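Report on the following structure.
No value in this document is a laboratory result; all are computed from the given coordinates. Source: prediction; values computed, not measured. In this analysis, Cβ positions are derived from the backbone assuming ideal geometry, glycine residues included, and neighbour counts consider all displayed protein chains.
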Amino acid sequence: MAKKKLTKTLKDFWNGKPHSGEEGGRRLGDLYEDKTGLLKHREWRGVKDTFYYMYNIWGYNYVHMVLDILKFSNNPIDFIKGTWRYRWMGQTYLPVIHWFERGLQGVRGEALRASAWHYRAMVSASIHQICNFFNADTRLHGGKENDAYRHTIFANETTCGTLFYPWKDAGYQYLPMEMIPYFVTCHVNSHTVLNYIDAVQSIGLPGDPCPMCQAESGLFVLDDVPDSAPIIITCNEACDASVSTHTLQDWFANKPLFALPIPMQFDDPLLKKYCMNEIEEMWKFIEEQTGVPFSWESMKKYLERQNKLQRDEWEKWEVASKTDFYPINGVAQALFRIYSTQYGIQGDFWEEASEKVKKIMYKCVEKKINPFPQTRHRVIAWSCAPLYYSNWCTWAYNCWGLNTIINMDSLMFDMEIRTDSYENMLEDMATYHMWAPMRRMAVGGMHHIFELWDYMKRFNCDMVAMYDQLQCKGMQGVHGLFEDEFRKRNINAFWIPHALPDSRTVSRAEIRRQINDYMTTVMHEEPLDPSLLDFDDSMTW
Amino acid sequence: MKKCSCSFGKKLGKFLLKFCGIFVALNAVIFVIFFFDLDGKLLFNVVEPFLKKHYDNMERRDVLKEPYDLNKFPVYKYDD
Amino acid sequence: MKDLKHLIFFEKLLQEANNDLVKQGKADGKRAIGYTCYFMPEVLLDLPGCFSVRLRAPGCTSPDIATYYLSGRVCHYARSLLERALEGGYNFLDAQMGTETCTATCRFQEHLQQKHLDSVDDMRIIDNDDFFCTFTDIPFKNSENSYNHFETQLRAHVLDPLHEKFGIDTSDEAILKTIEAHNEVCRLINEIGEYRKLDNPTITGYEFHVIQLVSLTCPKYLILPYLRETAEEMKTREPDLKKNFRCKVVLAGSENDDPDFTKLVESCGALVVCDRFCYGAVESRIPIEVKEGQSPLRAIAEHYLKTSNCPRFMPQDEMRARKKRLAELAEEYHADGIIVASNKFCEYWSYERVIDTFILKRDYGIPVCSIEKEYINSASGQLRTRFQAFVESIEIKQIQEGN
């Protein structure tokens, strides 16, 4: 008996405890401190993975965060000044390693290695943006408009970076105004955004419009957007509230602002010409404001790199859809894709990570390594995800064996842009922009949202995680039809209610409870790790 | 010569021992920080509350006083 | 004041979408074409052989089935329309001319669009074999590119389907003739509306709201005689000797097809002298002008984009000019204040209302009452308190200014 116990202890020490909920399983839920979601101690993943995690993920990323600052910042002192000045910076980016922790919990082997590279790229791209903010911010430079300021173009975060490639080689930097201060912060530290939501409501905005747009406006109400660019481009991605957000932003920023409207009914072939003209008008605005002409060479160069990244992604999806060897977990897949397509090719981070991941992926394929061996269901996540709980899929795999293979946001900019001629490029650019996140499926004719069935088939999924963004009018407007269709098609689907960035509306515990209920009452399944069924992380980042 | 080599060897040995000791100690400290999530605990319990207090008490521009000029900017149209 | 001769008749017409005049129009062999948004030019739906009906769902207080489909978190207006449709209240429609101008009404109209989903096909919400629904993409700007686009869209998604499916004459001559009839309605409504500018107006906001709504929801050729008679009647209508209002207000904001809401405002002492909201007359009753050498369709496309003050317009100059326009209306109609009312869940007006509340007061010195309302206002007690307080604040301001 004692020998058996010793053998198991040694085995657990070497390999980490087993995933399953049997006696002696790893019981990840027991690692949490009550309420804060901090860890009593980190998980022992076995010798190899624990030290890989410690040195190559935890330590490596702490060091590289500093190196990235030194690499991208004109003056590291600005970074410190910016941290002191902006809440979204100081309060959010310090716990960035914990963001890794939440997304990678329980992940082992090749999945741990590959998923961490996606995270690494996102952190690097975020620091790139942060440094660009601070390099140009007049507030950090005694009110002076320096060269970096004159070479920065602000855009609403849903205006994709691709549109600004023509000025990239001339030294112009596209900066999505809210991507770092709002969007990324929600993933890393969901406390910060609540200040911005409250701020905009304090000036009379009701609580029911999309909370993403509320937060985007709230940043301006609290005067927490750096003054880093002389001009602003806005667009109507993705909804009514986005359009309206700009009315407040325009007032508070009080800078030259160009509105780039993208037509809604994008299936209509008659729209293309209109959309192409709008994009060209925007380019004329930039030419006029910067005095620098549109550069086809610059456009082509970065588009080709972007196309390569897209082809890489298709390669990865091919493995994800047809095999069990795809080593990226649900959250790393979704966030990498949305970050990279929205920001575009502004550095090498996406391509480097993609190459590394492909290498790991092909190793899995060759050696037939299943990185998620406890998979019970292959899940497709549909609609827009809860930003404060983007790592729900890590939990769902650990607790129930629900492996999220793909999600709607990943499938948005799902195309290459032709670079053989200006005309073809422009035509594809129009389509590309109309296929933006939260846009392609969520608006523009409801039939696109029902492409879900095709994607389920393509990615070989047997279950749907249906996000239910309570304040998204577009998605709420198809709620009943989805219920009808799920029943009619006999599809296993569970709803994940949430309010995008606002963790107060639906807590993480409530999201877990909904999934638990579905898995027990509808699917009649037992959890893999019962310690994860119910725990209190109400105060967590 | 022999004495000298011995003393060098001893010194080298001592240095290596010291180096290994420091390396192991450093790694042990790092491991303790890592394993017991001390970085997270420090950030959550000390750094974040401190920064929150700072941001909450910061003086900010009252954006509602920002002018709303009608003719400050030209009409940006390029298709006429 | 003496009651308007046709007011009760008009009120009766507003009790349901398929009212007596709509039934008569259908009996005359004309096609009923539904729409919800100002950006769908009603004039094109009034071409010979068809007539426009701007959809309303009067009296819909609990849209239960629609709430299952659209959830309880989209605007009550869209849900009420769907509920009414599910009840069979729009079965008289031969077509719905949809627009994706606001998400909620778009989703409502998409539910009417048959045969792209098994479930929708099964639902067959509009029980009419001829029924079809098309969508027109509406630009967000006033620019040549937008006018070209809008014109193309109207041709492809309104005129062509009407011609192909119902044989409607969509020639320039037919459009010009319809514009003439449309402009007569506009002229009459404006003529009636002018009396609101008097020091002691001879028409109440409620009465005007009713008249404007019947002009939107009934076949034009059938409502015109009544409008002519009402305009004539207005010429000799005497006001009450003693003013029965305490101040005058502009009512601005989102969708509002509920005259009882206007009545509620007026019962608190604020006479509504101008209606700058969806379904209001300020924009929709500006006559369409066809310039020389311009095709009538092009004139319509430009007209509807140029006259709209919808918060959906994105360019910087247009966003900012909207506030000035509202201030100008207050001056033109001698209003003492502005009530900005947005429907709950209306995202455009939630934001616009915030800015209006600050800017109109700060930059133009106009008192503003900012409220959020439902499509059908069951919470009238709370609103009454708000309006009464607003009226009192205007009176205090007037006393302080020595007026």
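Pop out the ³J(HN,Hα) list for the range A:53-70 in order, Karplus 6.51 cos²θ - 1.76 cosθ + 1.60 with θ = phi - 60°, rounded to Hz; leave Gly and Pro as x.
Ordered by residue, 3J(HN,Hα) equals 4, 5, 7, 8, 10, 5, x, 4, 6, 4, 5, 6, 4, 5, 5, 4, 4, 5 Hz.
Express in whole angstrom the spacing between the alpha-carbon centres of the range C:345-383 and the range A:300-324.
48
Residues with beta-carbon under 12 Å from that of C:F387, excluding C:F387: net charge, scoring Lys, Arg +1 and Asp, Glu -1? Walk me through the intermediate numbers first.
Details: positive: C:R246, C:K263, C:K373, C:R384, C:R386; negative: C:E266, C:E392.
Cβ neighbours under 12 Å give a net charge of +3.
Pairs of alpha-carbon atoms within less than 8 angstrom and 6+ residues apart define the contacts here; what relative contact order does chain A have, in percent? Present the calculation step by step, with values, prior to reporting the outcome.
On the way: 893 pairs, mean separation 103.1, N = 541.
Once divided by the residue count of chain A, the mean separation gives 19 percent.
Can you compute the charge dipole magnitude of the range C:18-168 about its Cα centre, using +1 on each Lys and Arg Cβ and -1 on each Asp and Glu Cβ, nothing else charged? Give it in debye, rounded to the nearest 20. Please list the in-between numbers first.
Numbers: 15 positive and 21 negative charges, 75 e Å.
Once rounded to the nearest 20, the dipole reads 360 debye.
With a 10 Å Cβ neighbour count serving as the proxy for reagent exposure, in which order, fewest first, do A:D409, B:D79 appear? Kindly include the intermediate steps, with their values, before the conclusion.
Details: A:D409 24, B:D79 15.
Ranked by crowding around the Cβ, least crowded first: B:D79, A:D409.
Arranged by the count of other C-beta atoms within 10 angstrom, fewest first, what order do A:H433, C:H334 take?
Values: A:H433 25, C:H334 14.
Final ranking by Cβ density, sparse to dense: C:H334, A:H433.
Can you tell me how much longer the chain between A:S538 and A:N460 gets when fully stretched, taken as 0.36 nm per residue apart minus their C-alpha distance, in nm with one decimal?
Working: separation 78, 0.36 × 78 = 28.08 nm, distance 3.46 nm.
Between A:S538 and A:N460, full extension yields an extra 24.6 nm.
Between the range C:1-76 and the range C:127-169, how many Å separate their Cα centres?
Each part's Cα centre sits 20 Å from the other's.
Using only Cα atoms, tell me the angle between helix C:296-307 and the longest principal axis of chain C; keep it within 0 to 90° and round to the nearest 10.
Helix C:296-307 and the main axis of chain C meet at about 30 degrees.
I'd like the Karplus ³J(HN,Hα) series for the range A:404-416: coefficients 6.51, -1.76, 1.60, θ = phi - 60°, whole numbers in Hz, and an x wherever there's a Gly or Pro.
7, 7, 8, 9, 4, 4, 5, 8, 6, 7, 8, 6, 9
For A:T323 and A:E483, what does the FRET efficiency come to when R0 = 56 Å and r is the distance between their Cβ atoms, rounded to the nearest 0.05?
Numbers: r = 32 Å, r/R0 = 0.58.
Using R0 = 56 Å, I get an efficiency of 0.95.
All other residues with a Cβ under 9 Å from the Cβ of C:Y35 taken together, and with Lys, Arg as +1 and Asp, Glu as -1, what is their net charge?
Numbers: positive: C:R54; negative: C:E42.
It works out to a net charge of 0.
Give me the one-decimal nm value for the distance between modelled label points at A:E297 and C:T61, 7 Å along each residue's Cα-to-Cβ direction.
7.3
Figure the gain on full extension for A:N370 and A:F51 (residue separation times 0.36 nm, minus the Cα-Cα span) and round it to one decimal in nm.
On the way: separation 319, 0.36 × 319 = 114.84 nm, distance 2.12 nm.
Result: 112.7 nm gained on full extension.
How high is the FRET efficiency from A:W84 to C:R155, r the C-beta distance, R0 45 Å, rounded to 0.05? Spell out each step's value before the answer.
Numbers: r = 58 Å, r/R0 = 1.30.
Working from the Cβ atoms, E equals 0.15.
What ³J(HN,Hα) values, in whole Hz, does the Karplus curve 6.51 cos²θ - 1.76 cosθ + 1.60 give for the range A:229-246 when θ = phi - 60°, with x put for Gly and Pro?
Calculated HN-Hα couplings, in order: 8, x, 9, 10, 10, 10, 9, 9, 6, 10, 8, 4, 5, 5, 4, 6, 3, 5 Hz.
Express the relative contact order of the range C:251-403 as a whole percentage, based on alpha carbon pairs under 8 Å and six or more residues apart in sequence. Don't skip to the answer; put the middle values down first.
On the way: 166 pairs, mean separation 40.8, N = 153.
That works out to 27 percent.
Would you calculate the separation in nanometres between label points at C:T236 and B:L16, each defined as 7 Å from the Cα along the Cα-to-beta-carbon direction?
Once both label points are built, they end up 12.1 nm from each other.
So what is the calculated 222 nm ellipticity per residue for chain A, using -39500 (n - 2.57) for each DSSP H run with n of 4 or more, over all residues, to the nearest 500 deg cm²/dmol? Please list the in-between numbers first.
Working: 22 runs with 264 residues, N = 541.
About -15000 deg cm²/dmol.
Of the cross-linked pairs C:K5/C:K243; A:K17/A:K367; A:K40/A:K359, which ones have a Cα-Cα span greater than 29 Å in the structure shown?
Working: C:K5/C:K243 22 Å; A:K17/A:K367 23 Å; A:K40/A:K359 34 Å.
Over 29 Å Cα-Cα: A:K40/A:K359.
How much length is gained on full extension from C:R228 to C:E173, taking 0.36 nm per residue of separation minus their Cα-Cα distance? Before the final figure, lay out each step's value.
Details: separation 55, 0.36 × 55 = 19.80 nm, distance 2.47 nm.
This chain segment gains 17.3 nm when fully extended.
Could you give the nm distance between label points at B:L42 and A:N492, where each point is 7 Å from its Cα heading toward the beta carbon?
4.5
Rounded to the nearest 500 deg cm²/dmol, what is the calculated helix-only ellipticity per residue at 222 nm for chain C, with -39500 (n - 2.57) per DSSP H run of length n ≥ 4? The partial results should precede the final answer.
Values: 18 runs with 204 residues, N = 403.
-15500 deg cm²/dmol, from helical runs alone.
Relative contact order for chain C: what percent, with Cα pairs under 8 Å and sequence separation of 6 or more? Present the calculation step by step, with values, prior to reporting the outcome.
Working: 650 pairs, mean separation 71.2, N = 403.
RCO, chain C: 18 percent.
Could you give the angle, 0 to 90 degrees to the nearest 10, between helix A:330-343's Cα long axis and the longest principal axis of the Cα atoms of chain A?
10
Which net charge results for the neighbourhood of C:A299, defined as the other residues with beta-carbon distances under 12 angstrom from its beta-carbon, given Lys and Arg at +1 and Asp and Glu at -1?
Numbers: positive: C:K291, C:R298, C:K306; negative: C:E151, C:D172, C:E289, C:E292, C:E302.
Here the count lands on -2.
Which value, in debye to the nearest 20, describes the size of the charge dipole of the protein assembly as shown about its Cα centre when Lys and Arg Cβ atoms bear +1, Asp and Glu Cβ atoms bear -1, and nothing else is charged? It would help to have the intermediate numbers written out before the result.
Details: 122 positive and 142 negative charges, 1076 e Å.
The calculation lands at about 5160 debye.
Kindly state, to the nearest 0.05, the FRET efficiency for C:L198 paired with C:Q15, given R0 = 30 Å and r defined as their beta-carbon distance.
Details: r = 30 Å, r/R0 = 1.01.
The pair C:L198/C:Q15 has a calculated efficiency of 0.50.
What ranking do A:M179, A:M438 get, fewest neighbouring Cβ atoms within 10 angstrom at the top?
Numbers: A:M179 22, A:M438 25.
In increasing order of surrounding Cβ atoms, one gets A:M179, A:M438.
Taking chain A as the reference, fit the longest principal axis to its C-alpha atoms, fit the long axis of helix A:422-434 to the helix C-alpha atoms, and give the angle between the two in degrees, 0 to 90, nearest 10.
So the inclination is approximately 50 degrees.
Within the range C:289-348, list the trypsin sites (Lys or Arg not before Pro) lying in a DSSP loop whose Cβ has at most 15 other Cβ atoms in a 10 Å radius. Could you put the intermediate results ahead of the total?
Numbers: sites: C:K291, C:R298, C:K306, C:R312, C:R320, C:R322, C:K323, C:K324, C:R325, C:K344; in loops: C:K291, C:R312, C:K344.
For trypsin sites (Lys or Arg not before Pro) across the range C:289-348 that sit outside H, G, I, E and B with at most 15 neighbouring Cβ atoms in 10 Å, the list reads C:K291.
Hey, got the dipole for the range A:1-121? About the Cα centre, +1 on K and R Cβ, -1 on D and E Cβ, debye to the nearest 20?
Numbers: 21 positive and 12 negative charges, 62 e Å.
Roughly 300 debye for the range A:1-121.
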